[in-house]
Amino acid sequence: MSERRDHYSYTFYADAANAQSFDARRFGGPIGDLVAKGQADVLADMLGPVQGRRIIDVGTGTGRGAFLLAAAGAQVTGIDASEPMLAIARERAVATGAPIDFLVGDAHQIAFGARAFDLAVSLRVLMHTPRWRQCIGELCRVASHGVVLDYPSATSTALLQSIGRRLLHPLGRSSEPYRVFTDGQIRGELELHGFRITSIHRQFVLPIAVHKTIGSRAFTETSERWLAKLGLLRLFGSPVTVYAERG
């Protein structure tokens with residue numbers, strides 16, 4: 001089945017200007033730095049030692065996750081549908097000497113054989129894909145041992161933002177009208193492919209947009225710590241990152 005190449009997940013990230021500003025928008029400033037550190041910590045905690053392990057980073061973008069894994073000693077392949085994003089990743093790989101293969105590829109049809117990698121990682125991707133179930137199936141197919149993926153929770157404030165963006169997108173007011181997921185949807189799809197979730201991490205209770213607007217790392221860390229103590233992180237935390245193991 002051919003992909004909808006007019007879908008925003010292809011057109012938005014294929015734009016060179018959007019590719020150049022991607023890291024600054026997502027990881028810039030004190031809160032962006034906190035988000036990046038949190039992503040690195042979660043990967044390390046969930047995967048443990050990765051020295052020598054074959055890992056594919058699906059939807060690698062500019063390669064942030066791939067570089068973290070390669071620095072820990074993994075043999076990393078990063079794929080993405082956006083050539084402009086990959087161009088930035090390749091430049092960084094040359095500059096740092098990181099031995100990562102960055103290839104054009106699609107999360108819906110990963111061009112590798114079954115169980116070609118020990119682990120498959122896909123961060124901030126599922127929320128944007130036209131056919132998310134097919135993408136989970138592909139991650140599970142190419143991973144011999146485990147899969148890491150994340151998603152915005154349908155029980156969080158991301159639901160309201162997602163609805164707003166979907167309403168505004170036809171009017172040209174929003175470029176990324178992402179979807180949200182229930183925990184049951186993700187768990188059920190992984191189990192359908194023989195994978196069981198063994199680790200879950202929820203990041204924020206308050207919307208990331210609120211934290212970025214305030215722009216205070218101290219406020220974010222303090223408020224989120226107290227909200228977690230009240231049990232709200234477990235109920236409403238998002239994005240959710242899960243690690244699932246085969247069998």
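The values are calculated or read from the model by the stated rules, or taken from the named source; none is laboratory data. None of these values were measured; they are calculated from a predicted model. Here the Cβ positions follow ideal geometry from the backbone for every residue, glycine too, while neighbour counts run over all protein chains shown.
Figures for the structure shown
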| item | result |
| --- | --- |
| Residue in segment 44-53 that is of a type in the set (Gly, Ala, Ser), touching a helix residue (DSSP H, G or I) at 6+ places or on another chain (Cβ under 6 Å) and either at pLDDT 95 or above or more than 19 Å from residue 199 (Cα to Cα) (or both) present | no |
| Among the residues listed as 101, 118, the single one being surrounded by fewer than 18 Cβ atoms within 10 Å (Cβ to Cβ), out of contact with any Phe, Trp or Tyr (no Cβ under 9 Å at 6 or more places or on another chain) and not small (Gly, Ala, Ser) | 101 |
| Test: residue in segment 185-199 that is outside any strand (DSSP E or B) and at pLDDT below 95 | no |
| Some residue of segment 96-103 being modelled with pLDDT of 95 or more, assigned to a loop (DSSP other than H, G, I, E, B) and of a type in the set (A, V, I, L, M) | yes |
| Condition met for residue 59 (surrounded by 15 or more Cβ atoms within 10 Å (Cβ to Cβ), out of contact with any helix residue (DSSP H, G or I) (no Cβ under 7 Å at 6 or more places or on another chain) and at positive phi) | yes |
| Whichever residue in segment 205-245 is touching a Ser or Thr at 6+ places or on another chain (Cβ under 7 Å) and surrounded by fewer than 17 Cβ atoms within 10 Å (Cβ to Cβ) and, among such residues, is farthest from residue 151 (Cα to Cα) | 245 |
